[in-house]
Each structure stands twice: as structure tokens, then as C-alpha cells.
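A.B. asks: Here's a structure for you.
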Amino acid sequence: MSSTPVSNSSQFQSIHEVEVDGYRYVLTISADPVRTDTVIIDLLGAGADAEVTAEGHIVASRSALEHLGPLLSEAFPSGQRSTTRKPRRRGYGKPTRSYHPWTDELRAALHAAWTAADPTVPALQVVEGIATALDVPVERVKSQFEGPESTRDPSTLISVIATIMQRTDGAILNQLPRQALDPERPGPQSEDARQASG
């Protein structure tokens, strides 16, 4: 089992990964940005062919956490214990949604977020545009940037979008050209730029 704590300013995130009988599970525990006594738990399980076999989202008070393990064990008793193995190197440490397919809705959200990052507009407008495109609070997006000037940096924008979409930077870099977007030039693109990247 692997445990990776991630700290970003006031936000806490812990990622636990385990492989059991050929199935890989990723459990992400994050602090609720609004309620300090609450955590958000996301579970993703996938088989060897990357087919999603388990998926869940729990919002729980910190005081209830100690009860969840026994509750699940009691609700789903197992007469046979599985052998836990170390995670495979491939895919190790990837964000929760790395194995989810890219839907039209996700592609549209990525497109809107990238074009909202127009370097000619104020930094706050970029942050608000990304928040709207990805349907998250403005403060969550703002906390990902080190300062207003970092909203102009394409690599930082890619990392911020990847973090919020729970994807890898590489997945975002791979998707942008497929949508006729230049990974080195955020914001609305001219017809010439679209043709060049297509």
C-alpha cells in the first residue's frame, strides 16, 4: 500500500493506493475547503484493463472517520482474505481520475478552462474563468497559483487545470492539441494558430 500526503497552502490531501488480486484502488482524502471539520473521500477502483470497478464519493465529519472501517467490514463481511501486493510501477501515484475516459463534457470543460486563461485579461478574470469552466469555487483555483503572474505561465496553468480535473499534466498536454489548442499559448486562439496546431 502506498500513501502520499499532498500539502498545498491550507489544503490537505492524502492519496492511498493498493493493489488487491489484480485490482487497483486509489483512495483520496481531502480537506473540505469550506468546513474545517469535514473531509472529502473519493474512491476509484479499476481492473487490469482499466475498467472502473468501484467508484465513490463520501463527505464525512472527522469524528466519523474512525467508524467507517468497522462499518464497512461489518456491512460486507468476507470469509476469505485477499493478499495485498505492492502497486505496479505503471500508473503509480497517478491522480484519481487518470483512468476515467475523456468524455465530451470533460473535453469541453478543458477547452473552456484553457481559453479562459487569456494572458491579455486581468489575472482575477483568468481565475474566475477557469473556476467557471471547471465548475469549482474561485478560491480553489486561486489557491493553486503562487501569484497573479503565474496565471500567465502555460506550464503552471496546465498543472492547475490537471490538479483540479484530477488528471496528470501529461494527460492535459495530450488533450490540448486534439482540441486545436496550443499548449504553449493559453487563451482564445486565432484561426491561424488553430490551423497550425491542427
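The values are calculated or read from the model by the stated rules, or taken from the named source; none is laboratory data. Small disclaimer: the values here were computed from a predicted structure and weren't measured. Cβ: placed from backbone, ideal geometry, glycine included. Neighbour counts: every protein chain shown. Protein only, heavy atoms only, side chains kept; ligands, DNA and RNA dropped before computing areas. Shrake-Rupley method; radii C 1.70, N 1.55, O 1.52, S 1.80 Å.
A.B. asks: I'm told Glu55 meets every condition in (1) under 18 Å from Thr163 (Cα atoms); (2) surrounded by fewer than 16 Cβ atoms within 10 Å (Cβ to Cβ) except one. Can you identify the failing condition by its number?
C.D. replies: All conditions pass for Glu55, except number (1).
A.B. asks: If you take the residues in segment 10-50 that are more than 13 Å from the chain's Cα centre (by Cα) and of a type in the set (Gly, Ala, Ser), which one is modelled with the lowest pLDDT?
C.D. replies: Across segment 10-50, the extreme among qualifying residues is Ser10.
A.B. asks: Being aliphatic (A, V, I, L, M), open to solvent by 20 Å² or more (accessible area, probe 1.4 Å) and either closer than 17 Å to Pro186 by Cβ or assigned to a loop (DSSP other than H, G, I, E, B) (or both) is the filter here, so list the residues in segment 124-143 that pass it.
C.D. replies: The answer is Leu124, Ala133, Leu134, Val136.
A.B. asks: Still on this structure, I have one more. Could you please find all residues in segment 175-195 being open to solvent by 80 Å² or more (accessible area, probe 1.4 Å) and at pLDDT 90 or above?
C.D. replies: Going through segment 175-195, the residues open to solvent by 80 Å² or more (accessible area, probe 1.4 Å) turn out to be 178, 184-185, 188, 191-192, 194-195.
Selection gives Arg178, Glu184, Arg185.
A.B. asks: On to the next question. Would you mind finding the one in Ala162, Ala180, Ala171, Ala133 that is in contact (Cβ under 8 Å) with a residue 12 or more places away in the chain and at positive phi? Steps first, please.
C.D. replies: Values: Ala162 fails: at positive phi; Ala171 fails: at positive phi; Ala133 fails: at positive phi.
The unique qualifying residue is Ala180.
A.B. asks: Still on this structure, please answer the following. Within segment 59-74, identify whether any single residue is assigned to a loop (DSSP other than H, G, I, E, B), hydrophobic (A, V, I, L, M, F, W, C) and either at pLDDT 95 or above or open to solvent by 80 Å² or more (accessible area, probe 1.4 Å) (or both), and answer yes or no.
C.D. replies: First pass over segment 59-74, keeping only residues assigned to a loop (DSSP other than H, G, I, E, B): none.
So far as segment 59-74 goes, no, none of its residues is assigned to a loop (DSSP other than H, G, I, E, B), hydrophobic (A, V, I, L, M, F, W, C) and either at pLDDT 95 or above or open to solvent by 80 Å² or more (accessible area, probe 1.4 Å) (or both).
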